[in-house]
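S.K.: Starting off with a structure, shown below.
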Number of protein chains: 2
Amino acid sequence: MPIPKLRQNKERRQRLTECAIDLFIEKGYFNTSVREIIVKSGFGTGTFYNYFIDKEDILKALLEEFAEQIISGVSTYYTTEKDLYKRFIETKRVTMEIFAQNEKLSEIYSRVAGTSQTIDNCLKQFEDKLIDFYIRNIEYGINKGAFNNVSVPPIAHAILAVEKFLLFKWIVLKDITKEEMVAMVISFHETLAKGLINNK
Amino acid sequence: MPIPKLRQNKERRQRLTECAIDLFIEKGYFNTSVREIIVKSGFGTGTFYNYFIDKEDILKALLEEFAEQIISGVSTYYTTEKDLYKRFIETKRVTMEIFAQNEKLSEIYSRVAGTSQTIDNCLKQFEDKLIDFYIRNIEYGINKGAFNNVSVPPIAHAILAVEKFLLFKWIVLKDITKEEMVAMVISFHETLAKGLINNK
């Protein structure tokens, strides 16, 4: 029995993204060509272009799916915890664990910034998606009266900034362990939460 | 009357770093060679190597002096303000203004991360210098009883992370204005300070 078309499509796309991830890690994003991704996948050239426009398009897709994975992980956690303070802290642990479990994607995310406008746009899309999610969650806390009525975007940017900076320190600089990374993110958010929580 | 040796040395070094900065901005750090820096400076090859070992060495020196400039700017501000809450907030404005006044160095700092270990080490030296300075300042506040006795390194890392992230958003992505960047950094630190201040 032939593989249904839809499943075959999904598997091929999956294979192309996995080959791209491996090459980006092995050779670096800049030193990887579309040709090499195609060769590694074993597919014909046409197959690649059925799914992606170019190398940036595959990076964009990888980061987009990664953001969705993080948002989905945090959203799942929300169903298990109703206390807004605990949520504020523990969602950061969930996020950092997802970064840590996806070492290759985390490394690609950490390494590609700042060198071309196309890549900056891919990154911006990824980060804006997370920042928007963080904004909605903090606004929820404000609406519930749990958090002070502060300007939300600076806080949401700060959360991602800290996560990103400590991720870089772990995965690129190898200056801290995974456990230290998670502990530092949590410790910082405990202090931040004290400033955010409405004590009236 | 000939220029005294020491002054001549300083001026030559200065000229080399200025040429390097201009080329790093114009062509990107990676696409600039030592040769081009030498040609632009008008000096002989030997002169460059009197002051620097290679391209990374000049980047390292640029970032080191930049960190010293920031630390010196903040230290000067300290002499004008004794209130530790105001200090905590306003030093961030001072820092962001220094970043903003040194657009070229800020852009080089924002763009070079993550692509080679040598560069990562240059960046790490720059960032560690600032983080150590931030740690000492927060510890001072804790020792004075003004701040809660929290774990300091996560806070210090977070401060630099936010500054760096919003700097990138301004200078690379051009997604926010300079004023928005400063306002967001300040707003975030007001919330963080509430969590940090000892209210007992």
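S.K.: For the protein assembly as shown, what does the alpha-carbon gyration tensor say about shape, rounded, prolate or oblate, given a ≥ b ≥ c as the root eigenvalues, a/c under 1.5 as rounded, and a/b over b/c as prolate?
M.R.: Numbers: a/c = 2.36, a/b = 1.07, b/c = 2.21.
Because a/c hits 1.5 or more and a/b fails to exceed b/c, the protein assembly as shown counts as oblate.
S.K.: While we're on this one: In segment B:91-167, what trypsin sites (Lys or Arg not before Pro) fall in a loop by DSSP, with at most 13 other Cβ atoms inside 10 Å?
M.R.: On the way: sites: B:92, B:93, B:104, B:111, B:124, B:129, B:136, B:144, B:164; in loops: B:144.
Filter output for segment B:91-167: B:144.
S.K.: Which entries in the list A:86/B:82; A:174/B:164; B:27/B:174 go over 26 Å, if you measure between the two C-alpha atoms of each? Intermediate results must be reported in sequence, preceding the final value.
M.R.: On the way: A:86/B:82 35 Å; A:174/B:164 19 Å; B:27/B:174 19 Å.
Pairs exceeding 26 Å: A:86/B:82.
S.K.: Quick one: with label points 7 Å out along Cα→Cβ, list the inter-copy distances for residue B:173 in nm, shortest first?
M.R.: 2.1
S.K.: Could you give the length gained by full extension between residue A:148 and residue A:27, i.e. 0.36 nm per residue of separation minus their alpha carbon distance, to one decimal place? Each step should come with its number before you reach the end.
M.R.: Numbers: separation 121, 0.36 × 121 = 43.56 nm, distance 4.69 nm.
Length difference between fully extended and current span is 38.9 nm.
S.K.: Next question. Taking amide hydrogens as modeled 1.01 Å from N in the peptide plane, which residues meet the under 5 Å criterion relative to residue A:198, leaving out close sequence neighbours?
M.R.: A:147, A:148
S.K.: Sticking with this one: For peptide B:159-166, compute the average count of partner chain beta-carbon atoms within 10 Å of each residue's beta-carbon. Could you put the intermediate results ahead of the total?
M.R.: On the way: counts 4, 3, 13, 9, 3, 4, 9, 4.
Neighbouring Cβ atoms belonging to other protein chains average 6 per residue here.
S.K.: Shape verdict for segment A:150-191, please, from the Cα gyration tensor: rounded (a/c under 1.5), prolate (a/b greater than b/c) or oblate. Write out the running numbers ahead of the final one.
M.R.: Numbers: a/c = 4.66, a/b = 1.85, b/c = 2.52.
In terms of gyration-tensor shape, oblate.
S.K.: At a Cα cut-off below 12 Å, give the aspartates and glutamates reachable from residue A:92, other chains included and same-chain residues fewer than 8 away excluded.
M.R.: List returned: A:163, A:190.
S.K.: Taking the axis that carries chain B onto chain A, what is the nearest Cβ in chain B, and at how many Å, to the whole number?
M.R.: B:195, 2
S.K.: Counting only other chains, what is the mean number of Cβ atoms within 10 angstrom of the Cβ of each residue in peptide B:183-193? Each step should come with its number before you reach the end.
M.R.: Working: counts 2, 6, 3, 2, 8, 12, 3, 4, 13, 9, 2.
Across B:183-193, the average partner-chain Cβ count within 10 Å equals 6.
S.K.: Over all alpha-carbon pairs of chain B, lay out the pair-distance distribution in 10 Å bins, whole %, shortest bin first.
M.R.: Binned Cα distances yield the sequence 8, 31, 30, 19, 9, 2, 0.
S.K.: Using θ = phi - 60° and the Karplus curve 6.51 cos²θ - 1.76 cosθ + 1.60, what whole-Hz ³J(HN,Hα) does each residue of segment A:126-135 get, with Gly and Pro shown as x?
M.R.: For segment A:126-135, the Karplus-derived couplings read 4, 6, 4, 4, 5, 4, 4, 5, 5, 4 Hz, x marking Gly and Pro.
S.K.: Here's something else I'd like to know. Taking a ≥ b ≥ c as the square roots of the eigenvalues of the Cα gyration tensor of segment B:1-89, is the shape rounded (a/c under 1.5), prolate (a/b larger than b/c) or oblate? Before the final figure, lay out the partial values.
M.R.: Values: a/c = 3.50, a/b = 1.79, b/c = 1.95.
The shape class here is oblate.
S.K.: Tell me the label-point distance for the pair residue B:198, residue A:9, using the 7 Å Cα-to-Cβ offset, in nm and rounded to one decimal.
M.R.: It is 6.3 nm.
S.K.: Go through segment A:160-165 residue by residue and turn each phi into a ³J(HN,Hα) via Karplus (6.51, -1.76, 1.60, θ = phi - 60°); whole Hz please, and just put x for glycine and proline.
M.R.: The phi angles translate into 5, 4, 5, 4, 5, 5 Hz.
S.K.: Same structure, new question: Take peptides A:11-18, B:188-195 and line them up by average Cβ neighbours within 10 Å, highest first, as a rough protection proxy.
M.R.: Details: A:11-18: 16.0, B:188-195: 21.9.
Final packing ranking: B:188-195, A:11-18.
S.K.: On to the next question. How many angstrom separate the Cα center of segment B:112-161 from the Cα center of segment B:59-100?
M.R.: Between the Cα centres of segment B:112-161 and segment B:59-100 lies a distance of 13 Å.
S.K.: Between residue A:49 and residue A:179, what is the label-to-label distance in nm when each label sits 7 Å out along the Cα-to-Cβ direction?
M.R.: 5.2 nm
S.K.: Over 31 Å between Cα atoms: which of A:60/A:169; A:40/B:60; A:104/B:55 fall into that group?
M.R.: Over 31 Å apart, Cα to Cα: A:40/B:60.
Throughout, read-outs are computed from the coordinates displayed, never taken from laboratory work. Remember, predicted model here, so these are calculated numbers, not experimental data. Methodologically, a virtual Cβ is constructed for each residue, glycine included, from the backbone with ideal geometry; neighbour enumeration extends over all protein chains shown.
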